[in-house]
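Presented below is the structure to which this report refers.
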Amino acid sequence: MDVRTRYAPSPTGVPHLGNLRTALFDYLLARHFGGQFILRIEDTDRTRYDPNALQGLLDSLTWLGIDYDEGPDIGGPFGPYVQSERLAGYQAAAARLIEQGDAYECWCSSERLDAVRAEQTRTKQPPRYDRRCREPQGQREARAEAEAEGRGHVVRFKTPLTGDVSFQDAIHGEMTFALATLDDFVMLKSDGYPTYHLAYIVDDEAMRISHVLRGDEWIPSAPRHMLIYRALGIEPPVIAHVPRVLGPDGSKLSKRHGATSVFEYRDQGFLPEAVFNFLALVGWSLDDKTEIISRADFIEHFSLDRIVKNPAVFNVEKLTWMNGVYIRDMPEAQLTETFAARLDADLPASVARPIDRDLVARIAPLIRERVKLLSEVAGYCDFFFAEGLTYSTDELLGKAFTARPDDAKSALESAVIAIDGGTWTHDALEASLRALADELSVKAGDLFSLVRVAATGKRVTPPLFESMAILGRERCLERLRAAIAKL
RNA sequence: GGCGCCAUCGUCUAGGGGCCCAGGACGCCGCCCUUUCAAGGCGGAGAUCGCGGGUUCGAAUCCCGCUGGCGCUACCA
C-alpha cells in the first residue's frame, strides 16, 4: 500500500505548535515508508477564515524543513488542495447520501436549535438535535417556515438510532461507541460549505490518503466518520488519534502559557533543527535514552506504535537545552552564518553593515558553548563591534577593588605597560597579566576581572585573552586607558 | 447532565508479568575543571508506578471499581 499522509490545517491564525507536531508525525510516517506527504487547506469555516494564515502555514513548514509533495502552492495530481475550491465534491456526496436515505435536509432555524438545546440543558437532558426534520411531517413544516423567512437548510446525517460502531485506532486500539449517544450531525452547512466531517472524508478518499493522524479531541467524532465511510462505501484509512500538547498547567497549550507559534520560537532564536527534534519527541520516543536525533534517523525509525497515549506538557526548558546542543554541534561555517544573520538583526544601527563575517568567524568558537538561544548572541559579543563602552565605575571595580579604586587604577596602568610591548596573542597576554598579578600581590582572577570590564564593558564575557586578541592591540589599549581615565 | 480519552520523578519519557524497592533526559543541588559566564566530568535529591480491590508463586505491567485531569457534546475545526 502506498502511504499517503496529510496535514490539513485550517487557515484561522498562526500555526500552532500542537498542530505542527501532528504534521511532523504525518511527515515522518510518509517519509519512513517512502510515501507522500500532502498539505491540504481546510477553509470551510468562512467565519474564522484569515487570509493571512495560509502564508504562515506555508512558512512554518518551510522553516521546520517539512517538505510536502502535493499542496495548494505546488499542486499535484489530486488538486485543488484547498477545500473551498472543492465544494462540488462535498455537495455531490451529500446529495448521494440524501438519495440513499442516509441523510436529510434540515430546515430548522438556529434560534430553534438554540432553544431546543437550552431546554435540554435545563432539564439535564443531553443537548442535541431533536430530529424534527428527520420525519417528513416535521421537515415539511420546518421547510415552510424557513422558506417564508428566506432561510436555507443544512444537510444532516441520519444516524441509526441503535447499535454500535467500532473502529480500530492505530494508537488506542479498538474503540466502540453506542449510536444512541450520537445525534444527527450537520454535514453540509446552509452556505453550501461542508463541515469537517464530510469534507475530510471526501477529500481523503479523493486524494488517496492512507493514514489519518489527528488530535485525540477528535475521538468522539470518529464514530460519525465511520458512519459516513460506510454510507459512502469507502474503506476507512488507518486512523491514529495522537495525544495533544498541553500548557504547563495541563490545559490546552495557549497564549497565556507563552509562545504557541513557531514563529515566536524562531524569533527568540531557536533553531529549526532543535524545534524539529524536540517536537518529534513529544509523544514519541526512539528508545529509553536517545534525545538528540537527526532528521534522517527520525525518518528511519519513526513508527506509529511508539506514539504514547497520554498528553504531553510542553517543556520549553528542555527545548532550550536542546537548542544549545544544536548550536554547539553546528558546523563552523553554518554557525558563523547563523550568528552573523542574527547579529545583523540585533546589533545597533551604529554598527557598520554588512556584519564582518571574518570577525564573526573568529568570535563564534568563543561563544558557541555559552549560547542557548540566538537572541543571546549579541549580548555576548557586541563589544567586539561597538565603539563606546558603557559601564559604571562600580562594575569596573567589582567586589575586589570597590574599597580601593586607586589600586585598581594603578593596576590597570601597570597592565597597559605590561602588555603594550609584548606580542598580542592569547598566550602572551595571559602570561604578562599573570606575572603582573603576582607582582602586585593581587589575585589573578581579580586583576582579570578588572581588565575584562575595561576591555569589554561587561563582567561576563567570552574568555578574556582570546577576546583581547581578537579586539586587537589598538582598541584594547585604548579601552584600558579610557577605564583608567574613569578612576 | 451525557459520551469518551488519559493516568510512571516537577516536566518529557523507558518499561507490556519475574532482568525494576523502576532506567534515561530536562530542570534542581553539590563537587571537580576554571580568568568571568558557560560547556564538560562526577555525584545527589526527586516516582510507596493516582487510589482500592482482584488474577497470579510473582503486577508499574493483566482485569474491575473509584478518583483525578482533560476532551467532545456548534451550520468551529
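Throughout, read-outs are computed from the coordinates displayed, never taken from laboratory work. None of these values were measured; they are calculated from a predicted model. Because the Cβ atoms are built from the backbone with ideal geometry, glycine has one as well, and the counts that use them run over all protein chains shown.
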Exercise. Cα axis of helix A:110-122 to longest principal axis of chain A: angle in degrees, 0 to 90, nearest 10?
Worked result: 80 degrees
For this session: Give me the net charge of A:ALA444's neighbourhood, meaning all other residues with Cβ under 13 Å from the Cβ of A:ALA444; Lys, Arg count +1, Asp, Glu -1.
Result: -1
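Based on the Cβ-Cβ distance from A:ILE219 to A:LEU440, what FRET efficiency comes out when R0 is 60 Å, to the nearest 0.05? Write down the numbers at each step before the final one.
On the way: r = 73 Å, r/R0 = 1.22.
Rounded to the nearest 0.05, the efficiency is 0.25.
Please find the FRET efficiency linking A:HIS426 to A:THR62, where r is the Cβ-Cβ separation and R0 is fixed at 35 Å, and quote it to the nearest 0.05. Numbers along the way, then the final one.
Values: r = 41 Å, r/R0 = 1.18.
Approximately 0.25, to the nearest 0.05.
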Exercise. Say each of A:ALA92 and A:ALA345 gets a label point 7 Å from the Cα, pointing the same way as Cα to Cβ; how far apart are those two points in nm?
Worked result: 4.6 nm
For this session: Using only Cα atoms, tell me the angle between helix A:17-32 and the longest principal axis of chain A; keep it within 0 to 90° and round to the nearest 10.
Result: 80 degrees
Exercise. Under the Karplus relation 6.51 cos²θ - 1.76 cosθ + 1.60, θ = phi - 60°, what is the ordered set of whole-Hz ³J(HN,Hα) values for region A:289-302, x standing for Gly and Pro?
Worked result: 8, 7, 10, 9, 9, 6, 4, 4, 6, 4, 4, 5, 9, 4
Seminar exercise, completed: Shape call for region A:1-93, from the Cα gyration tensor axes a ≥ b ≥ c (a/c under 1.5 means rounded, otherwise prolate when a/b beats b/c, else oblate), comes out oblate
Exercise. Quick one: if you stick a label point 7 Å off each Cα along the C-beta vector at A:ARG328 and A:ARG112, how many nm between them?
Worked result: 6.8 nm
For this session: Of the listed pairs A:LYS252/A:LYS289; A:LYS372/A:LYS409; A:LYS189/A:LYS309; A:LYS443/A:LYS486; A:LYS318/A:LYS443, which have alpha-carbon separations greater than 31 Å here?
Result: A:LYS372/A:LYS409; A:LYS189/A:LYS309; A:LYS318/A:LYS443
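Hand me the GluC sites (Glu not before Pro) from region A:384-448 located in a DSSP loop with no more than 15 other Cβ atoms within 10 Å, in residue order please.
Values: sites: A:GLU387, A:GLU395, A:GLU413, A:GLU430, A:GLU439; in loops: A:GLU387.
In loop regions of region A:384-448 (DSSP not H, G, I, E or B), the sparsely surrounded GluC sites (Glu not before Pro) are A:GLU387.
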Exercise. Taking square-rooted eigenvalues a ≥ b ≥ c of the alpha carbon gyration tensor, is region A:360-439 rounded, prolate or oblate, where a/c under 1.5 means rounded and, failing that, a/b exceeding b/c means prolate?
Worked result: oblate
Exercise. Near the amide H of A:GLY215, under 5 Å away, which other amide H atoms are found, from residues 5 or more places off or on another chain, if H is placed in the peptide plane?
Worked result: A:VAL242
Seminar exercise, completed: Per the beta carbon screen (other Cys under 4.7 Å), unpartnered cysteines of chain A come out as A:CYS108, A:CYS381, A:CYS476
Seminar exercise, completed: Checked chain A against the a/c 1.5 cut and the a/b vs b/c comparison, axes a ≥ b ≥ c from its Cα gyration tensor; verdict prolate
Seminar exercise, completed: Once both label points are put 7 Å beyond Cα along the C-beta direction, the A:ASN315-A:TYR49 separation in nm becomes 4.2 nm
For this session: Determine ³J(HN,Hα), in whole Hz, for all residues of region A:472-487 in sequence, where each value follows from phi through the Karplus function 6.51 cos²θ - 1.76 cosθ + 1.60 and θ = phi - 60°; x replaces Gly and Pro.
Result: x, 4, 4, 5, 5, 5, 4, 5, 5, 5, 5, 5, 4, 5, 6, 8
Problem set entry | Expected 222 nm ellipticity per residue - DSSP helices of 4 or more, -39500 (n - 2.57), all of chain A, to 500 | -15000 deg cm²/dmol
Problem set entry | Neighbourhood net charge (12 Å Cβ-Cβ; Lys/Arg +1, Asp/Glu -1) for A:HIS172 | -3
Seminar exercise, completed: Env charge @ A:ASP216, Cβ radius under 14 Å, K,R +1 / D,E -1, value +3
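Relative contact order (percent) for chain A, with alpha-carbon contacts under 8 angstrom and 6 or more residues of separation?
Values: 699 pairs, mean separation 57.9, N = 487.
Taking the mean separation of contacting Cα pairs over the length of chain A, I get 12 percent.
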Seminar exercise, completed: Residue by residue through region A:417-425, the couplings from Karplus 6.51 cos²θ - 1.76 cosθ + 1.60 with θ = phi - 60°, in Hz, x for Gly and Pro, are 5, 4, 9, 4, x, x, 6, 9, 10
